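K.L.:
Shown below is the structure under consideration.
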2 protein chains.
Amino acid sequence: MTADPMRLAVDAMGGDLGSDEVVRGVISAAQELAGTVRFVVVGDETAIAAELARHRNVPPGIEIRHASQTIEMCDKPREVYRRKPDASVVVSARLVRDGEADAFVSIGNTGAAMASAVFMLRPIQGIDRPAIALPIPSLAGPVILLDAGATVDCSPRQLLEFGLMGSVYAREVLGKASPTIGLLSNGEEPSKGNEVTRQAHVLMAAELPGFSGNVEGTDVFRGKCDVVVCDGFSGNILLKTGEGVAEMVIKLVGEELRRFWWMRAALLPLRRGIRDLRARIDYRSFGGAPLLGVNGVCIVGHGKSDVDAIVSAIKVARRATAASLSGVIAKEIAELRNTESGEGEAP
Amino acid sequence: MTADPMRLAVDAMGGDLGSDEVVRGVISAAQELAGTVRFVVVGDETAIAAELARHRNVPPGIEIRHASQTIEMCDKPREVYRRKPDASVVVSARLVRDGEADAFVSIGNTGAAMASAVFMLRPIQGIDRPAIALPIPSLAGPVILLDAGATVDCSPRQLLEFGLMGSVYAREVLGKASPTIGLLSNGEEPSKGNEVTRQAHVLMAAELPGFSGNVEGTDVFRGKCDVVVCDGFSGNILLKTGEGVAEMVIKLVGEELRRFWWMRAALLPLRRGIRDLRARIDYRSFGGAPLLGVNGVCIVGHGKSDVDAIVSAIKVARRATAASLSGVIAKEIAELRNTESGEGEAP
């Protein structure tokens with residue numbers, strides 16, 4: 001990209017599949033990105049070195065940064081950077097803060113990654129709370145949902161900020177020329193919604209280019225807009241409901257299929273197709289959701305991330321860094337009219 | 001049921017399929033319930049009489065009550081009983097208030113039915129806001145979701161009341177001996193949730209027999225509890241997300257199937273099975289959700305209700321009336337410890 005290759009810190013320790021899987025992901029990404037990115041793999045030095053040694057043809061540009069602590073399930077995310085200053089995720093965030101890395105990727109403990117990023121990189125001026133922008137499947141291709149769980153209770157102004165950040169991400173990183181932004185609500189009319197979303201609708205209609213109004217859960221999966229804005233509570237309900245319904249429908253389809261046992265052999269590819277479908281619509285397999293709203297690039301991935309998902313997260317980090325994502329967000333939020341006073345008329 | 005048959009008012013005017021479909025539903029229910037229920041069909045007298053005249057063997061016990069007005073899409077629900085006092089849904093609610101009917105059924109405009117019920121029948125003492133209890137599909141059979149859209153913004157105390165009402169409904173009308181009640185949240189731990197649900201969790205744990213803690217969207221469709229409590233905003237997001245994801249998955253499965261065009265004939269029953277599945281998991285086809293929290297029985301149905309859904313709604317009205325649903329709710333809410341003061345410890 002530039003003469004001086006980009007540097008990405010990758011936290012090796014959080015994933016369900018262990019640090020070996022992360023190291024394999026880094027090797028695979030390094031091969032694919034051929035010299036445009038240098039990697040700092042953060043975590044248990046011995047384990048990382050042992051896994052690297054197991055591979056032949058490891059590309060150059062992968063260094064190890066030892067971190068002596070790891071995050072456990074019982075650690076409270078907000079206390080992590082204070083109680084475990086040498087945890088791999090905290091060290092990764094610190095590398096970005098200190099300019100030793102341009103971005104960091106962490107899989108597994110989203111709360112700890114978020115807390116480390118907010119503490120080390122600080123929120124962008126003008127952004128009140130961060131949001132996780134997660135790609136979810138729709139009939140018209142992936143849609144960006146934010147917030148996917150970073151900020152549970154939101155003010156109308158915070159939802160407006162999420163809309164702006166999601167719009168910048170879709171445009172600068174995902175290449176959508178003029179992204180449309182919908183506000184998740186219980187009906188399309190502006191009068192629908194709870195108190196917060198009704199007020200957010202007024203703000204967004206006045207301030208946010210590309211705002212296309214309220215969307216309902218059905219609209220999201222028809223791909224009616226590029227970016228869907230909601231608080232982290234509603235975002236979680238949408239994600240988990242989607243997961244639960246997909247699981248139920250695929251199971252019921254499987255039961256239908258079982259009635260056709262006499263042509264089992266012929267239907268084997270169909271069964272396989274439906275199994276693949278499950279993976280295709282599993283948002284967890286998309287790999288790599290940015291935490292938007294901090295000064296720097298932080299990409300979080302699901303704990304179950306495999307090599308492919310890790311490579312995907314690394315590529316998201318690379319694109320977001322190349323696009324100066326947080327810089328563009330900072331610039332556009334500064335240009336946003338001050339709406340704190342509660343005025344909400346169209347300019 | 002008793003020597004004196006129950007009397008149900010049925011609003012004929014709100015459905016998408018017209019009053020003829022409602023009249024056919026009433027005839028079908030009257031045949032099935034053979035003399036245990038008398039019907040008052042409310043709406044345009046001429047249209048109802050004409051449809052009745054088209055059928056042979058119409059059972060006795062169906063009378064018509066003329067109503068000169070109908071609700072339009074543009075009518076604001078809250079103004080309906082004032083602006084259109086002779087609308088069929090208002091007349092239906094008034095019949096219950098005046099003791100001329102034991103319950104009423106209305107399909108189509110849920111908001112208007114709700115406003116009429118609240119205005120005519122008044123809230124049960126101790127119940128702050130009404131809730132709609134909707135059966136939704138799960139892998140373990142139907143689960144009751146409330147609120148499905150009556151009350152968008154809820155206090156913790158209101159969520160507790162919803163839990164109690166849903167529990168009474170599941171026990172007295174649906175025959176679940178000891179229903180379990182879950183609180184929809186973004187994680188299972190009591191510490192998860194937005195501000196309102198975290199407080200509601202404490203109240204429900206202290207006050208509500210059968211409370212089984214927080215449930216996530218995935219748990220709902222696995223049938224982890226009998227009753228799921230949430231505010232009307234989250235309830236709508238869950239329902240519409242479920243609808244959107246089911247639509248998407250079934251469409252994608254259909255595309256997989258299309259690859260097997262060469263055994264199209266053999267797979268025809270499978271296609272049919274998957275189409276039936278769509279209806280089986282469509283919550284709109286379940287027919288008949290009670291509006292809980294008013295003095296009297298009010299059953300609302302989806303605008304798309306066909307004869308089967310109308311018969312189902314009528315049966316729900318009959319069971320709820322026979323069980324004295326609103327009387328039992330009034331009794332149990334009075335027994336609930338006063339929690340207004342904010343105390344939330346287990347007794």
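The values are calculated or read from the model by the stated rules, or taken from the named source; none is laboratory data. As the structure is a prediction and not an experimental result, all values here were calculated from the model. For neighbour counting, all protein chains shown are included, and Cβ atoms are generated from backbone atoms with ideal geometry for every residue, glycine included. Heads up: the accessible areas ignore ligands, DNA and RNA and are worked out on the full protein's heavy atoms, side chains in. Shrake-Rupley method; radii C 1.70, N 1.55, O 1.52, S 1.80 Å.
K.L.:
Could you work out [θ]222 nm for chain A from helices alone, using -39500 (n - 2.57) per DSSP H run of at least four and dividing by all its residues? Round to the nearest 500 deg cm²/dmol. Before the final figure, lay out each step's value.
P.N.:
Numbers: 12 runs with 157 residues, N = 347.
Estimated from H runs of four or more residues: -14500 deg cm²/dmol.
K.L.:
A further question follows. Relative to a virtual label point 7 Å from the Cα of A:Arg82 in the Cα→beta-carbon direction, which members of segment A:122-156 show backbone nitrogen distances below 19 Å?
P.N.:
Residues A:122-123 fall inside that zone.
K.L.:
Leaving out same-chain residues fewer than 8 places away, which aspartates and glutamates sit with a Cα under 14 Å from that of A:Lys176?
P.N.:
Answer for A:Lys176, where 14 Å is the Cα cut-off: A:Asp226, listed by chain and number.
K.L.:
Ordering A:Cys74, A:Cys230 from largest to smallest accessible area (1.4 angstrom probe), what's the sequence? Before the final figure, lay out each step's value.
P.N.:
Values: A:Cys74 110, A:Cys230 5 Å².
Descending order: A:Cys74, A:Cys230.
K.L.:
Another question, then. Which percent, nearest 5, of DSSP beta bridges in chain A are antiparallel?
P.N.:
20
K.L.:
Probe of 1.4 angstrom, ligands and nucleic acids ignored: what's the accessible area per residue over segment B:141-205, in square angstrom? The partial results should precede the final answer.
P.N.:
Details: 2100 Å² over 65 residues.
Accessible area per residue: 32 Å².
K.L.:
With chain B treated as a Gaussian network of Cα nodes joined by springs under 10 Å, which of B:Gly244, B:Gly213, B:Gly288 yields the largest mean-square fluctuation?
P.N.:
Residue with maximal mean-square fluctuation among B:Gly244, B:Gly213, B:Gly288: B:Gly244.
K.L.:
Kindly sort B:Thr180, A:Thr46 by accessible area of their heavy atoms, largest first, with the probe set to 1.4 Å. Please report the intermediate quantities before stating the final value.
P.N.:
Values: B:Thr180 50, A:Thr46 105 Å².
Solvent-accessible surface, decreasing: A:Thr46, B:Thr180.
K.L.:
Further, regarding this structure: Using every alpha carbon pair in segment A:18-145, what percent of pairs falls into each 10 Å bin from 0 up to the bin containing the largest distance?
P.N.:
All Cα pairs considered, the percentages come to 12, 36, 34, 17, 2.
K.L.:
Turning to a different aspect of this structure: Treating the point 7 Å from Cα along Cα-beta-carbon as the label, what are the nm separations from B:Asp20 to the other copies, to one decimal?
P.N.:
Result, one decimal in nm: 7.0.
K.L.:
On to the next question. Counting only residues 5 or more places away or on other chains, whose amide H sits under 5 Å from the amide H of B:Gly288 once H atoms are built in the peptide plane?
P.N.:
Here the answer is B:His302, since their amide H atoms fall under 5 Å of that of B:Gly288.
K.L.:
Taking 1 over the mean of 1/r across every pair of different Cα atoms in segment A:73-120, what Kirkwood radius in Å do you get?
P.N.:
Numbers: mean 1/r = 0.0956 Å⁻¹.
Here the Kirkwood hydrodynamic radius works out to 10.5 Å.
K.L.:
Could you compute how much accessible surface B:Phe233 exposes when probed at 1.4 Å, giving the result in Å² to the nearest 10?
P.N.:
Around 10 Å² of this residue is reachable by solvent.
K.L.:
Using label points projected 7 Å from each Cα along Cα→Cβ, tell me how many nm separate A:Asp98 and A:Lys304, to one decimal.
P.N.:
It works out to 3.6 nm between the two label points.
K.L.:
A further question follows. Given a 1.4 angstrom probe, I'd like the percentage of the accessible area of the protein assembly as shown that is carbon and sulfur, rounded to a whole number.
P.N.:
That share works out to 49 percent.
K.L.:
Pick out which of A:Asn57, A:Asn295, A:Asn186 has the largest mean-square fluctuation in a Gaussian network model of chain A, springs linking Cα atoms closer than 10 Å.
P.N.:
A:Asn57
K.L.:
Where Rh denotes the Kirkwood radius from the mean inverse Cα pair distance, what is Rg over Rh for segment A:125-168?
P.N.:
Numbers: Rg = 11.1 Å, Rh = 11.0 Å.
For segment A:125-168, the value is 1.01.
K.L.:
Quick one: Debye curve from the C-alpha atoms of segment B:1-50, no solvent, what's log10 I(q)/I(0) at q = 0.20, 0.26 Å⁻¹?
P.N.:
Reported log10 I(q)/I(0), two decimals: -0.67, -0.97.
K.L.:
Based on alpha-carbon positions alone, could you give the equivalent ellipsoid semi-axes of segment A:196-299 from the gyration tensor, as √(5λ), descending, whole Å?
P.N.:
On the way: eigenvalues 284, 57, 27 Å².
After scaling each eigenvalue by five and taking roots: 38, 17, 12 Å.
K.L.:
Find the eigenvalues of the gyration tensor of the Cα atoms of segment B:70-160, then list the square roots of 5 times those eigenvalues as equivalent ellipsoid semi-axes, largest first, in whole angstrom.
P.N.:
Numbers: eigenvalues 121, 50, 42 Å².
Taking √(5λ) for each Cα gyration eigenvalue gives 25, 16, 14 Å.
K.L.:
As a test question: what accessible area, to the nearest 10 Å², does A:Arg65 have when a 1.4 Å probe is rolled over all protein chains in place?
P.N.:
80
K.L.:
Distance in nm between label sites at B:Arg56 and A:Met73, each 7 Å beyond Cα in the beta-carbon direction?
P.N.:
It is 6.9 nm.
K.L.:
Taking only the alpha-carbon positions of segment A:99-232 and ignoring solvent, what does the Debye formula give for the base-10 log of I(q)/I(0) at q = 0.12, 0.18, 0.20 Å⁻¹?
P.N.:
Reported log10 I(q)/I(0), two decimals: -0.46, -1.00, -1.20.
K.L.:
Right, another one. Could you give the alpha-carbon Rg of the protein assembly as shown over 2.2 N^0.38 Å, rounded to two decimals? Please list the in-between numbers first.
P.N.:
Values: Rg = 28.1 Å, N = 694, 2.2 N^0.38 = 26.4 Å.
In units of the 2.2 N^0.38 Å rule of thumb, it is 1.06.
K.L.:
Once R0 is set to 60 Å, what does the formula 1/(1 + (r/R0)^6) return for the Cβ-Cβ distance between A:Ala34 and B:Lys176, expressed as a FRET efficiency to the nearest 0.05?
P.N.:
Numbers: r = 62 Å, r/R0 = 1.03.
That gives a FRET efficiency of 0.45.
K.L.:
Can you list, shortest first in nanometers, how far B:Pro60 lies from the same residue in the other copies, with each label 7 Å from Cα toward Cβ?
P.N.:
10.1
K.L.:
5 Å is the cut-off here: which amide hydrogens, built 1.01 Å from N in the peptide plane, fall below it relative to A:Arg65, excluding neighbours closer than 5 in sequence?
P.N.:
Under 5 Å from the amide H of A:Arg65 lie the amide H atoms of A:Val41, A:Val42, A:Gly43, each far enough along the sequence or on another chain.
K.L.:
In terms of solvent-accessible area of protein heavy atoms at a 1.4 angstrom probe, what is the ranking of A:Ser312, B:Ser191, highest value first? Display every interim value, and only then the final one.
P.N.:
Numbers: A:Ser312 30, B:Ser191 90 Å².
Greatest to least solvent exposure: B:Ser191, A:Ser312.
K.L.:
Taking a cut-off of 40 Å, what percent of all Cα-Cα pairs in chain B are separated by more than that?
P.N.:
Details: 9557 of 60031 pairs.
For chain B, the share of Cα pairs beyond 40 Å comes to 16 percent.
K.L.:
Under a cut-off of 17 Å between alpha-carbon atoms, report the aspartates and glutamates in cross-link reach of B:Lys224, not counting same-chain residues fewer than 8 places apart.
P.N.:
A:Glu243, A:Glu247, B:Glu188, B:Glu189, B:Glu216
K.L.:
Another one. Sequence neighbours fewer than 8 away in the same chain don't count; with that in mind, list the lysines whose C-alpha is under 17 Å from A:Lys304.
P.N.:
Answer for A:Lys304, where 17 Å is the Cα cut-off: A:Lys240, listed by chain and number.
K.L.:
Convex hull over the Cα atoms of segment A:1-86, averaged projected area in nm²? Present the calculation step by step, with values, prior to reporting the outcome.
P.N.:
Values: hull surface 25.6 nm².
Quarter of the Cα hull surface area: 6.4 nm².
K.L.:
Near the amide H of A:Gly213, under 5 Å away, which other amide H atoms are found, from residues 5 or more places off or on another chain, if H is placed in the peptide plane?
P.N.:
A:Leu183
K.L.:
On to the next question. In whole percent, what relative contact order does chain B give with Cα contacts below 8 Å and a gap of six or more residues? Working shown, then result.
P.N.:
Details: 707 pairs, mean separation 76.2, N = 347.
After rounding, I find 22 percent.
K.L.:
Leaving out ligands and nucleic acids, and using a 1.4 Å probe, what accessible area per residue does segment A:249-318 come to in Å²? Kindly include the intermediate steps, with their values, before the conclusion.
P.N.:
Working: 3080 Å² over 70 residues.
Dividing the accessible area of segment A:249-318 by its residue count gives 44 Å².
K.L.:
If you average the sequence gap of Cα pairs under 8 Å that are 6 or more apart and divide by the length of segment A:251-311, what percent do you get for the contact order? Walk me through the numbers before you get to the answer.
P.N.:
Numbers: 37 pairs, mean separation 14.4, N = 61.
That works out to 24 percent.
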